[in-house]
Structure formats: C-alpha cells, structure tokens
Amino acid sequence: MELRELRAFVAVVEEGGLSAAARRLHVSQPALSQTVSGLERQLGAKLLVRGSTGVLATEAGTALLAEARGVLARHDQALRVMARYTGAGGGALRIGIPLELPAGLLDPALADLAEVHPDTRVQARHLSSAEQLVALRSGELDVGFLRERPSGPQFDALLVVREKLGVLLAAGQAAELAGPDGIALEALVGLQWVGFPRSGSPPWYDELTAVLRGHGLDLGPEAPQGQALIADVKLAAVASGRAFALAPPGWQQPLPDQVTWSPLVGHPLVRRTWAVWPADSRRRDLGRFIAALDRSVGS
C-alpha cells in the first residue's frame, strides 16, 4: 500500500462519495475510483459500498480507516519531527512553481540562498496552485507559489507579485478593437476564452470568470480537469481569430507575427501570486529565502 492510496481511501470515506473526495484531492473521479479499486484488489477485501446516502465503508473498510488514519498521522508527525533536525538548512529545498511566473522574480532570493546556505539544493516542480497546496499539506513541498492565499493558521504567506492581465488576440482583431487605453473586455464578446480548468485554482478561477461574465462574455464549457494551459495552446487558439487568451504584460513566450498583446481598459483583471510555506517550519534556509524574496519584492 502507498500513502497516496491510503489518503484517497480516507478522503472517500470522510467525504461520503467519490465526487466530493475527488474535488478535495484535486484528481479526476475515474482516477480516484481506480485507486480505490486497486487498493481493494491488493487487500482482497471489499472496502466500500454504495448506500442511500452515498458511499459507506464495509466492516473491512472501517477497520482499514482507523489504521490508515494512524499511518498518515504518524507519517505527518515524522515529517514534523525531522524538520527540527534539518532546520539549519542543507539538503533539498523543494519549491512549487506555477506554469507562468515573471522572469527573474526568484533570481535575487535564490542567489542569496546559495551564498548563505551553499549546501541547500533547490528542487523546483511545476504544479498548479491546487496541486501545490496538497503537496504542502503532505510535506512534499517546502514552499509554493500559489494564485490564492490559503486560509487558516497552517500556512504563512507573502504576496510576491501583482500582474495586470492583458489580452492576446489575432493581430488584425486587436487593431480593430484597440482604443487609446487598450481593449475593453466587453469588446471580446463572441470570442472563445482559452482558459484553464477550475481544478487548478478554484478561488482564482471563480474570481476571474466572475469578472469576465460581468462584462457579458459567454465562457462556454469549462476546460477539462488536468489540462495544462501551455503557451502553444494559447497561441494556436488565438491565431485562429476565434479566441482570446489572457496574459501578463511581461509574458515570457515570444509571440508569432499574427498574435499581439494589448492591455485591458481599466485593468479589471489582476493576478496575484503568493509565496506559501508551513507556519511551523523551522528551516533557517527557508527563512532566509523568504526574507530575501521579501526584500527583492519590496525594492
């Protein structure tokens, strides 16, 4: 048995169903169902049954639930205990990074970290905000860069960047729609939004889509869960002349001749990114990294 299988099983029982558990774990329902089925095959016992009120644990499932909670609690406690011995730094500093982050944002903090804690190795993983939050909670990341600030006392957070999003359009369309201050959101009515799936960052998705709908845009069907909105997808859809995409002014990807970036009138869409880390972390190298990041953001 793997820890992820136990976490999946516990989530299904606690949420009372696969759909709610999938949302909690930020995975697809079919993938979660396969995980639980695989666990049942490994153990040779039926763990869950469907009841009138949702999914219920069998007698074997109830027995496993207690054991799984104990194993997960001990695992999380072991990570907290070991953090005391790695508090001075050294080893790996595991950082979660979203697909789009301003160029050079981390450079000063990483340079400072390398100078003061030369034994610390930086390991970066490209993950959505939701995936980073799961990894932070399970102890698989030391710090993440999220589009949302988590609530509650478990994490500390630092706002590191505010980006006034503009719009990517086919060059001919942009020339027709642009005014002296840019392009108004309502001028994009009739075009398809090339968006990311809500599961990647539910709070940011809800904030963004509320603004778009408030300006009369029909967003169409939601992007499939797990679909990464990579640059090539954005540019290919926009170049067709039937879609628009959102991007910050300093977008790192080179634009083809048939695509152009324009600001939005009034800057109605502001994307925020927070550095997020466990509030009880004792790692001095992490503290140094955050302090250097704070200095570079404030300068």
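Quick look at the values:
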quantity	calculated
Lone unmet requirement of (1) open to solvent by less than 50 Å² (accessible area, probe 1.4 Å); (2) closer than 30 Å to Phe289 by Cα; (3) touching a helix residue (DSSP H, G or I) at 6+ places or on another chain (Cβ under 6 Å); (4) at pLDDT below 85 for Ala22	(2)
First in the stretch 132-158 and within 16 Å of Val122 (Cα to Cα), second anywhere and open to solvent by 20 Å² or more (accessible area, probe 1.4 Å) and in a strand (DSSP E or B), Cβ under 6 Å, 6 or more apart	Leu141/Arg94; Asp142/Arg94; Val143/Trp277; Phe145/Ile97
Scope the stretch 131-159; condition farther than 19 Å from Leu72 by Cα and among the aliphatic types (A, V, I, L, M); matching residues	Val143, Leu146, Ala157, Leu158, Leu159
Failed item in (1) basic (Lys, Arg); (2) over 28 Å from the mean Cα position of the chain (by Cα); (3) closer than 27 Å to Ser199 by Cα, with Arg7 passing the rest	(2)
The stretch 257-269: number of residues that are at negative phi and open to solvent by 20 Å² or more (accessible area, probe 1.4 Å)	7
Residue in the stretch 25-44 that is surrounded by the fewest Cβ atoms within 10 Å (Cβ to Cβ), counting only those that are of a type in the set (A, V, I, L, M) and modelled with pLDDT of 90 or more	Leu43
All positions within the stretch 91-119 that are open to solvent by 20 Å² or more (accessible area, probe 1.4 Å) and not hydrophobic (A, V, I, L, M, F, W, C)	Gly91, Arg94, Glu100, Pro102, Gly104, Asp107, Pro108, Asp112, Glu115, His117, Pro118, Asp119
Among the residues listed as Gly144, Gly182, Gly172, Gly152, the single one being modelled with pLDDT of 90 or more, of a type in the set (Gly, Ala, Ser) and open to solvent by 30 Å² or more (accessible area, probe 1.4 Å)	Gly172
Of residues in the stretch 95-147 being of a type in the set (Lys, Arg) and in a strand (DSSP E or B), the one nearest to Ser281 (Cα to Cα)	Arg121
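For (1) closer than 27 Å to Gly96 by Cβ; (2) among the charged types (D, E, K, R); (3) surrounded by fewer than 14 Cβ atoms within 10 Å (Cβ to Cβ), each residue gets a yes or a no:
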| site | (1), (2), (3) |
| --- | --- |
| Val189 | no, no, yes |
| Gly195 | yes, no, no |
| Thr209 | yes, no, no |
| Arg284 | yes, yes, no |
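The values are calculated or read from the model by the stated rules, or taken from the named source; none is laboratory data. Bear in mind the structure is a predicted one, so any value in this text is a computation, not a measurement. With ideal geometry, Cβ positions are generated from the backbone for all residues, glycine too; neighbour counts draw on all protein chains shown. With ligands, DNA and RNA removed, areas are computed over all heavy atoms of the protein, side chains included. Shrake-Rupley method; radii C 1.70, N 1.55, O 1.52, S 1.80 Å.
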